[in-house]
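Data first, discussion second: the structure below is written as structure tokens.
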Amino acid sequence: MTDKIKKIRLTDRNVKFLEKVEEISGESITLCDQCGTCSAGCPFVEEMDITPSQLMREVLLGQEEVLRARTTWICASCFTCTVRCPRMLDVSKVAEALRQIGLRQAIDEIDINIIDREEYRKMPTIALVSAYRKLTG
Amino acid sequence: MKIPYYPGCTLKTTARNMEISAIESAKILGIEMIELPRWNCCGVVASLTSDDLISHLAPVRNLMRVEEMNEEGLVENEYRMLTLCSMCFNTLRRSNLRMAENPEDLISINDVMYLEKGYDGKTEVIHFFELLDSIGFDKIEEKVKKPLTGLKIAPYYGCMLLRPKEVGIDSPEDPTIIQRFISSIGAEPVPWEAKTICCGSYHTVSNKDIVIKLAYEIITNARKHGAEAIITSCPLCAFNLDDRQKEVREKYLNFEPMPVLYFSQLLALALGLEGETLGLEQNYIDPKPLLKEKGHL
């Protein structure tokens, strides 16, 4: 059993990554207790590859691979976790910081040009504007 | 009473029916909604980062316009900015809160807007539901000409009216304001669990399967509790719950469609307005058969 446990030794790089996410999000991620309330209430959790509480843990341990998690892009900032966290943490701000780290390197999550023209015409303006703001840099 | 009114992009396009019905209803309630003379995008889905101050420029510029309206005499000592769209409401109120809590941020933003008068922090962002609440739902009830008796309505709050807590218009977990609104127009509010669940929001653009699933779950939950229609004040929720029923029907064969209306359409109907003011032609699932069946059309 023990050989299956992933051993993590924190390096300076890990600590720097945590500090970066804390700086952009403004959240003290080390306060997270891993109680799982955010994951339990998240309406999108079934679509995610890691749960919101796992996301918090990965960030806390400075694991940069969290940037590749589908979870950060599935989070739609509905703030359900925000109003429920017993540690008063805002997971949606952490997800936003992770998205921003990618977007600030000009790596967009969606390509505007591939949206179906028919769909494009009937969609409310607010849908397009909010998607572009959230998913492009 | 004249009140500054911020419409936002979608109320001029796919949610025109929400705007017209709200403006005309407000008139009956003695309120003249004065559109901001020079409004711009609310800055929707305001950045949640601590360092991205520039994204607050758009909302703050709108907040400043309300002060200008007072200075120009378009409204008289009225610093409340009325919103209808839940997303605009949330974005504008969040930015206003950030400016109030961080005066140094406001100084930076005013520096960027150096050609304009600058924002003094006087504006208060309110949603139409809060305006109705401040008038008093008992007073609304007195103005109702055609009570919507026998109509069972599921109040859909979604996210943006309630969360995060510091900008919400009611309790984030157990809100009642839309129930009280429904009762005031003579209809019956249906208690249900999905009233505060996210509809999938902007995922409708590039990941619509998420929205289709959530729309199915939300509407099915409403039906389970006996609702005949859903009301909302968010044009994005309206699209996801109403127009996306096309895809929901294709995916879930047992699914029965349900009309989704803007709250203001039912308010207008109850206040005795009719025809184009109600804008019922713009809804995807036609609400007219239901309203006719109940004797309200």
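Some notes on this structure:
- Summary of the geometry: the range B:155-171 and the range B:53-110, compared by the centres of their Cα atoms, lie 19 Å apart.
- Shielding by partners, peptide B:162-175 (average Cβ within 10 angstrom, other chains): 3
- Take each residue in A:67-80, count the other chain C-beta atoms within 10 Å of its C-beta, and the mean is 4.
- Whether the range B:145-293 is rounded, prolate or oblate, judged on the alpha carbon gyration tensor where a/c under 1.5 counts as rounded: oblate
- Nonlocal amide H pairs with B:ARG80, under 5 Å, H built at 1.01 Å: B:GLU124
- Relative to the 2.2 N^0.38 Å rule of thumb, the range B:184-251 has a C-alpha radius of gyration ratio of 1.11.
- Counting Cβ atoms of other protein chains within 10 Å of each Cβ in A:17-26 and taking the mean gives 2.
- Coupling constants for the range B:246-252 follow from the phi torsions by the Karplus curve (6.51 cos²θ - 1.76 cosθ + 1.60, θ = phi - 60°), and in residue order they are 4, 6, 4, 5, 5, 8, 10 Hz; glycine and proline get x.
- Amide H contacts of B:ALA154 (H built 1.01 Å from N, in plane; Pro and chain starts excluded): B:VAL190, B:GLU228, B:ALA229, B:ILE230, B:ILE231 sit under 5 Å, all sequence-distant by 5 or more or on other chains.
- FRET efficiency for the B:HIS225 to B:GLN282 pair, using the beta carbon distance and R₀ = 22 Å, is estimated at 0.25.
- Reachable lysines, given that their alpha-carbon falls under 20 Å from the alpha-carbon of B:LYS292 and they are not under 8 places away in the same chain: B:LYS145, B:LYS146, B:LYS152
- Chain B - Rg (one decimal) and Dmax (whole number), Cα, Å: 19.2, 59
- Net charge contributed by nearby residues that have their C-beta within less than 15 Å of A:GLU46 (K/R +1, D/E -1): -2
- Cα lying deepest toward the dipole's positive end in chain A, options A:ILE114, A:PHE79, A:LEU60, charges on Cβ: A:LEU60
- Shape category assigned to the range A:54-129 from the gyration tensor of Cα positions, a/c cut at 1.5: oblate
- Straight-line reach from A:LYS7: taking Cα to Cα under 27 Å and skipping same-chain neighbours fewer than 8 places apart, the lysines in range are A:LYS16, A:LYS20.
- Cα Rg over Rh - the protein assembly as shown, Kirkwood: 0.98
- Values of log10 I(q)/I(0), in the order q = 0.22 Å⁻¹, for chain A under a Debye, Cα-only, solvent-free model: -1.39
- Of the GluC sites (Glu not before Pro) found in the range B:31-117, those that fall in a DSSP loop while having at most 15 other beta-carbon atoms within 10 Å are B:GLU72, B:GLU76, B:GLU116.
- When each of the peptides B:202-210, A:115-123 is scored by how many other beta carbons lie within 10 Å of its residues on average, the order from highest to lowest is B:202-210, A:115-123.
- If R0 equals 30 Å, the separation of the Cβ atoms of B:GLU173 and B:TYR252 corresponds to a calculated FRET efficiency of about 0.60.
- Table column - 3J(HN,Hα) (Hz), the range A:42-50, Karplus curve with 6.51, -1.76, 1.60, x for Gly and Pro: 5, x, 9, 4, 5, 8, 8, 8, 10
- Using θ = phi - 60° and Karplus 6.51 cos²θ - 1.76 cosθ + 1.60, couplings along the range B:29-39 (whole Hz; Gly, Pro as x): 8, x, 10, 9, 7, 9, 5, 4, x, 9, 9
- Cα-based reach from B:LYS117 at 27 Å (exclusive), listing lysines while leaving out same-chain residues under 8 positions away: B:LYS2
- On the basis of the beta-carbon distance and an R0 of 51 Å, B:LYS294 and A:ARG117 show a calculated FRET efficiency of 0.85.
- In loop segments of the range B:84-129 as defined by DSSP, the chymotrypsin sites (Phe, Trp or Tyr not before Pro) with at most 15 further C-beta atoms inside 10 Å of their C-beta are B:TYR114.
- For chain A, the longest principal axis of the C-alpha atoms and the axis of helix A:12-25 are separated by about 50°.
- Length-normalised contact order for chain A - Cα pairs under 8 Å, 6+ apart - percent: 24 percent
- Summing Lys and Arg as +1 and Asp and Glu as -1 over all other residues whose Cβ lies under 12 Å from the Cβ of B:ASN221 gives a net charge of +1.
- Ranked by how many other beta carbons lie within 10 Å on average, peptides A:20-28, B:138-146, B:238-246 from highest: B:238-246, A:20-28, B:138-146
Each reported figure results from applying straightforward, stated rules to the coordinates on display, with no laboratory input. Quick caveat, the model's predicted, so the values are computed rather than measured. All Cβ positions, even for glycine, are placed from backbone atoms using ideal geometry, and neighbour counts span all protein chains on display.
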